[in-house]
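Q: Structure in structure tokens, see below.
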Amino acid sequence: MCGIVGMVGQNQVAALLVDALKRLEYRGYDSAGIATISDGQLGRRRAEGKLVNLETRLKAEPLAGTVGIGHTRWATHGAPTERNAHPHFCNGVAVVHNGIIENFAPLRAELIAKGAEFHSQTDTEVVAQLLAAYRAEGLAPREAMQAMLSRVEGAYALAVLFEDQPEMILGARSGPPLAVGHGKGEMFLGSDAIALAPFTDKITYLDDGDWAVITPHSLEIYDQSGAPAERQSQITQGATYVVDKGNHRHFMEKEIHEQSEVISHTLSNYIDFAEGRVRLDSAQLDFTNLDRLAMSACGTAYYAGLIGKCWFERFARLPVEIDVASEFRYREMPLPGRMAALFISQSGETADTLASLRYCRDNKLAIGAVVNVRESTIAREADAVFPTLAGPEIGVASTKAFTCQLSVLAALAMVAGRQRGELPEAEERAMVQALIEAPRLFNEVIRKIEPQIEALSRDLARFKDVLYLGRGTSFAMALEGALKLKEISYIHAEAYAAGELKHGPIALIDENMPVIVIAPHDRHFEKTMSNMQEVAARGGQIVLITDEAGAAAAPLETMATIVLPVVNEIVTPILHALPVQLIAYHTAVFMGTDVDQPRNLAKSVTVE
Ligand code: F6R
């Protein structure tokens with residue numbers, strides 16, 4: 001989490017740094033700061049809270065300089081105060097950092113014993129202190145950098161300024177990504193290419209363990225051992241993305257409405273529209289002879305994986321082992337027989353997902369990755385990349401990336417079914433046809449249900465707790481609904497497999513507990529209806545999300561019934577994501593929360 005940038009060239013950098021940080025604010029927004037060197041002196045401005053506060057500070061107290069670094073923070077060590085905001089200074093050294101220095105406590109104690117004075121509670125400050133200490137011992141900047149890197153443990157992307165080197169920025173990465181941007185007579189550093197998009201599309205990504213020295217006209221890269229290293233530069237697509245809200249109030253609203261387009265774009269990668277079948281050449285993983293597939297991801301991406309599991313098992317008869325990545329990575333799961341692994345991540349940088357990937361790679365499994373950011377670490381470390389073409393997702397709550405993940409997983413499950421001889425051609429064709437029609441349906445459905453959901457959300461906003469129920473893929477959708485609602489509206493929400501209700505959670509049901517039941521008219525419908533009756537009998541207020549067949553067969557009066565078209569079961573979860581997202585969005589808007597940047601969260605989770 002946290003976003004870092006650096007710039008060195010001929011132009012005044014303060015405003016440009018802030019501009020780049022705006023494109024990184026999705027990574028954290030607890031505080032922000034920049035540092036520059038002007039007339040041989042380091043200067044900095046920092047502010048608590050969002051970037052606008054830093055902008056206001058800079059208007060009142062401008063900062064000159066043609067070299068600078070900047071940071072937007074998601075707090076790990078130390079409260080989100082100005083004192084803990086980056087850049088951290090120590091005797092002519094300035095540092096910004098994304099990640100966690102795991103051994104900061106012993107390093108801090110050692111430095112204090114030698115007389116160092118710390119000014120923040122952060123782990124980052126040990127980096128500045130160590131660098132300053134090495135410089136004071138007479139080490140040159142490069143030597144000091146290498147000495148410091150040999151002492152710190154953990155995950156970091158760093159950018160460093162030395163006051164006596166006004167034409168140089170040093171960067172380093174171990175874990176979180178770091179990109180170097182090439183300009184004409186100027187060079188850039190950034191947590192991702194999107195941050196640098198207004199300045200350049202020519203990017204060199206540092207490999208894990210690399211560190212670099214950039215000046216206006218040069219880039220030197222060194223590997224972990226300190227040996228000079230060559231890394232290929234590439235032209236990225238970052239520059240073509242427009243990061244604005246268009247006519248929408250929030251990025252989340254825009255991203256919900258964009259889904260028709262981005263799902264269609266994503267599907268075009270996996271479906272032969274003329275043939276009406278999935279494209280086998282899109283499967284760079286061979287599922288034919290696998291005994292099992294391991295899957296892992298975090299949060300919303302994990303829920304996409306749960307739905308994917310149902311599909312792989314049903315359409316390809318391929319057993320799937322799935323777990324959240326923070327558990328998967330430490331389970332020491334035996335991986336016997338013929339297995340492959342599939343990881344799902346919007347950002348492609350989630351630390352736990354990456355660690356799980358590396359565990360499977362160390363165990364010699366073929367690795368596939370469903371990712372949205374093509375240049376991400378997870379994409380680069382996978383054997384086979386299955387891109388979601390959702391474009392940059394800026395709202396912290398994942399929406400369009402989720403439905404694109406589902407679209408890719410649907411296609412892969414069909415590929416696996418075909419390869420393993422488990423999916424009859426007619427069934428595949430019917431599913432492909434349904435997927436082709438899904439984007440159009442998205443537009444129709446959104447127009448139809450959004451006004452109803454807006455009105456319903458006003459009612460939901462009165463409650464303190466909400467329960468979501470579902471079975472099969474709708475259970476995963478219930479989990480996603482509860483996550484979405486709690487993360488942006490701060491209303492407590494839980495999801496249960498509908499059949500689990502009577503094993504405990506039913507005790508919670510009364511007239512103060514709205515229960516959102518997700519029940520398309522599928523093979524689970526009757527069972528879920530029985531569970532819904534149990535809720536109604538205890539005074540629970542029901543919101544039913546179903547399809548036209550389900551609405552006709554539903555036995556009860558509800559607080560609201562949201563009706564979607566009847567679709568092939570492979571499209572059902574993709575379409576049912578819409579009401580789930582809209583309920584969360586409109587409830588949060590009604591409650592007046594910060595929809596795109598909810599409290600305590602960040603978009604890219606590069607720490608454990
Ligand atoms: C919730 C949300 C998160 C992410 C999770 C994984 O709306 O966005 O739960 O899904 O942090 O992130 P990625 O997909 O980047 O690995």
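The values are calculated or read from the model by the stated rules, or taken from the named source; none is laboratory data. Source: prediction; values computed, not measured. Here the Cβ positions follow ideal geometry from the backbone for every residue, glycine too, while neighbour counts run over all protein chains shown. Calculation scope for accessible area: heavy atoms of the full protein, side chains included, ligands and nucleic acids excluded. Shrake-Rupley method; radii C 1.70, N 1.55, O 1.52, S 1.80 Å.
Q: If you check 374, 317, 358, which single one turns out to be within 14 Å of the ligand (Cβ to nearest atom), open to solvent by 10 Å² or more (accessible area, probe 1.4 Å) and either part of a loop (DSSP other than H, G, I, E, B) or assigned by TED's automatic domain parsing to the domain that holds residue 578 (or both)?
A: Working: 317 fails: within 14 Å of the ligand (Cβ to nearest atom); 358 fails: within 14 Å of the ligand (Cβ to nearest atom).
Criteria check complete, one pass: 374.
Q: When you check residue 490 against the structure, is it among the aromatic types (Phe, Trp, Tyr) and either touching a strand residue (DSSP E or B) at 6+ places or on another chain (Cβ under 8 Å) or away from the ligand (no atom under 16 Å from the Cβ) (or both), yes or no? Can you show your working first?
A: Values: among the aromatic types (Phe, Trp, Tyr): yes; either touching a strand residue (DSSP E or B) at 6+ places or on another chain (Cβ under 8 Å) or away from the ligand (no atom under 16 Å from the Cβ) (or both): no.
No; evaluated as a whole, the condition is false for this residue.
Q: Only one residue in 389, 412 is crowded, with 16+ Cβ neighbours inside 10 Å, hydrophobic (A, V, I, L, M, F, W, C) and assigned to a helix (DSSP H, G or I), so which one is that? First the steps, then the outcome.
A: Values: 389 fails: assigned to a helix (DSSP H, G or I).
Just a single option satisfies the conditions, and that option is 412.
Q: What about residue 286, is it open to solvent by 20 Å² or more (accessible area, probe 1.4 Å), of a type in the set (D, E, K, R) and assigned to a helix (DSSP H, G or I)? Break it down stepwise before answering.
A: Numbers: open to solvent by 20 Å² or more (accessible area, probe 1.4 Å): yes; of a type in the set (D, E, K, R): yes; assigned to a helix (DSSP H, G or I): no.
Spelling it out, it is not the case that residue 286 is open to solvent by 20 Å² or more (accessible area, probe 1.4 Å), of a type in the set (D, E, K, R) and assigned to a helix (DSSP H, G or I).
Q: On to the next question. Does residue 194 fit the bill of being modelled with pLDDT under 90, within 24 Å of residue 25 (Cα to Cα) and buried (at least 17 other Cβ atoms within 10 Å of the Cβ)?
A: On the way: modelled with pLDDT under 90: yes; within 24 Å of residue 25 (Cα to Cα): yes; buried (at least 17 other Cβ atoms within 10 Å of the Cβ): yes.
So residue 194 fits the description; yes.
Q: Sticking with this one: Conditions: (1) touching a residue at least 40 places away in the same chain (Cβ under 8 Å); (2) open to solvent by 10 Å² or more (accessible area, probe 1.4 Å); (3) within 30 Å of residue 595 (Cα to Cα). Residue 430 meets all but one. Number of the miss?
A: So the condition that residue 430 fails would be (3).
Q: Can you name the condition, by its number, that residue 398 falls short on among (1) closer than 30 Å to residue 174 by Cβ; (2) within 11 Å of the ligand (Cβ to nearest atom); (3) open to solvent by less than 10 Å² (accessible area, probe 1.4 Å)?
A: Checking residue 398 against (1) closer than 30 Å to residue 174 by Cβ; (2) within 11 Å of the ligand (Cβ to nearest atom); (3) open to solvent by less than 10 Å² (accessible area, probe 1.4 Å), the one that fails is (3).
Q: Moving on. Considering only the stretch 46-90, state which residues are farther than 19 Å from residue 118 by Cβ and part of a loop (DSSP other than H, G, I, E, B).
A: Listed by number, the residues that qualify are 49, 50, 61, 62, 63, 64, 65, 66, 74.
Q: Tell me, which helices (runs of 4 or more DSSP H) wholly within the stretch 95-190 include 3 or more residues that are crowded, with 24+ Cβ neighbours inside 10 Å and modelled with pLDDT of 95 or more? Give the steps one after another, and end with the answer.
A: On the way: elements: 104-113, 125-136, 141-151.
Per the criteria, 125-136.
Q: Right, another one. Of the residues that sit in the stretch 291-309 and are open to solvent by 10 Å² or more (accessible area, probe 1.4 Å) and more than 10 Å from the ligand (Cβ to nearest atom), which one is nearest to residue 397 (Cα to Cα)?
A: Among those residues, the one meeting the criterion is 306.
Q: From 479, 485, grab the single residue that is within 16 Å of the ligand (Cβ to nearest atom), open to solvent by 30 Å² or more (accessible area, probe 1.4 Å) and in contact with a strand residue (DSSP E or B) (Cβ under 6 Å, 6 or more places away or on another chain).
A: Values: 485 fails: open to solvent by 30 Å² or more (accessible area, probe 1.4 Å).
Going through 479, 485 in turn, just one is within 16 Å of the ligand (Cβ to nearest atom), open to solvent by 30 Å² or more (accessible area, probe 1.4 Å) and in contact with a strand residue (DSSP E or B) (Cβ under 6 Å, 6 or more places away or on another chain): 479.
Q: Something else now. Taking the condition modelled with pLDDT of 95 or more, in a loop (DSSP other than H, G, I, E, B) and surrounded by fewer than 18 Cβ atoms within 10 Å (Cβ to Cβ), does residue 209 pass? I'd like the intermediate steps shown before the answer.
A: Working: modelled with pLDDT of 95 or more: no; in a loop (DSSP other than H, G, I, E, B): yes; surrounded by fewer than 18 Cβ atoms within 10 Å (Cβ to Cβ): yes.
So residue 209 fails the test.
Q: Further, regarding this structure: Can you pull out every residue in the stretch 450-465 that is in a helix (DSSP H, G or I), closer than 19 Å to residue 510 by Cα and open to solvent by 20 Å² or more (accessible area, probe 1.4 Å)?
A: Scanning the stretch 450-465 gives a single hit, 459.
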